[in-house]
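Trainee: Take this structure first; my questions come after.
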Amino acid sequence: MMINCIKKQLLTALILGAGAQLQAASDQAAAAQPQPKQVNIGTSAGLSWSRPPRVRIMPGDLEGKPRNVIAAIEADTAGQITNVRIQQSSGLPDLDEMVIRAIKLARFRPYAENGVRYPVKVSQPFLFEANDYSSTQKSRKPQPYVCRYIFKSENIKKQLAHQPVPFQYQQLPKLALAMPLLEGADREVRFAFKVARNAQISGIRISQSSGIAEIDQMVIGALQDARIDAPRHFLQWGKLSFEDRIIFKLSDCPQ
């Protein structure tokens, strides 16, 4: 019993010692990472742009007077922008957002001191002026990106992978289903159809609904103009029946 107790104590001590060593190594690694430097842009020993931000505005964007914006910017050791926030607003949210978008597309030259590269924090002022403050002509707002699903059914996936399939689509049916239609959940549609000897589809029906009628109808609409190649036996004169399915996954359409 005494020996077992001693073994347990030794094992506990070893585990605690190893944990302390790992923590110390982690602390040393964190300490070795260069801390961000607060620097200025454009001074002889300061920071410079390799790809400066370009904010393209129309006179109407200023709404009648000059505007000032100050942006707080953070960049990593490679000069890549990692964070942007408005430190002093122009008073116009749309103009502030234009500045943020432009900065995110920009890049600094890596900043170094004594041969060591550092992440940086910097403030960048912007002054916007116009020749005609009476103009109401404004920049177009960028349209938000909407991910869309194509007609990628189980049969088409196998076709593209050169796997055996009961039939082949001659070309990809046209479908552009916007992600918001899924209403926050994965959707599966199963459908059946018939194929005539001339490769035309008919008798399309939904055998398992997605739960959203608009999605089901879009799948049917995509199939209506599709043409199918299907092998036939010598005595098969009538229409052939087939089934397929599409799964629309949220994970396939990242935000």
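Trainee: Would you mind counting up the charge near ILE247? Only other residues with Cβ under 12 Å from its Cβ, with Lys and Arg at +1 and Asp and Glu at -1. If you can, show how the numbers build up before the last one.
Mentor: Working: positive: LYS152, LYS157, ARG187, ARG190, ARG245, LYS249; negative: GLU154, ASP186, GLU188, ASP244, ASP252.
Taking every Cβ under 12 Å from that of ILE247, the sum is +1.
Trainee: So for segment 148-252, taking the charge dipole from beta-carbon charges (+1 Lys/Arg, -1 Asp/Glu), which of ASN155, SER210, ILE247 sits furthest toward the positive end?
Mentor: Value: ASN155.
Trainee: If you filter segment 128-164 for trypsin sites (Lys or Arg not before Pro), then keep DSSP loop positions with at most 16 other Cβ within 10 Å, what is left?
Mentor: LYS138, ARG140, LYS152
Trainee: Using modelled amide H (1.01 Å from N, peptide plane; none on Pro or chain starts), what sits under 5 Å from the amide H of CYS147, excluding residues fewer than 5 places away?
Mentor: Residues meeting the criterion, in which the H sits 1.01 Å from N, are MET179.
Trainee: Counting Lys and Arg as +1 and Asp and Glu as -1, what is the net charge of the other residues whose Cβ lies under 12 Å from the Cβ of ARG190?
Mentor: -2
Trainee: How large is the dipole of segment 120-161 about the Cα centre if only Lys and Arg carry +1 and Asp and Glu carry -1, each at its Cβ, rounded to the nearest 20 debye?
Mentor: Numbers: 8 positive and 3 negative charges, 84 e Å.
Charge dipole, segment 120-161, about its Cα centre: 400 debye, nearest 20.
Trainee: Contour minus end-to-end for TYR145 and LYS174, with contour as 0.36 nm per residue of separation and end-to-end as the Cα-Cα distance?
Mentor: 8.5 nm
Trainee: Tell me the net charge near GLY203. Cut-off is 9 Å between Cβ atoms, GLY203 excluded, with +1 for each Lys or Arg and -1 for each Asp or Glu. The partial results should precede the final answer.
Mentor: Working: positive: LYS194, ARG205, LYS239; negative: none.
Around GLY203, the charge tally is +3.
Trainee: Assuming R0 = 25 Å, can you tell me the calculated FRET efficiency for the pair SER50 and ARG85, based on Cβ-Cβ distance, to the nearest 0.05?
Mentor: 0.70
Trainee: If the limit is 28 Å between Cα atoms, which of LYS138/LYS249; LYS174/LYS239; LYS104/LYS152 go over it?
Mentor: The pairs that break the limit, which is 28 Å between Cα atoms, are LYS138/LYS249; LYS104/LYS152.
Rule-based calculations on the coordinates, nothing more; no lab input. This is a predicted model, so every value here is computed, not measured. We place every Cβ from the backbone using ideal geometry, glycine too, and count neighbours over all the protein chains shown.
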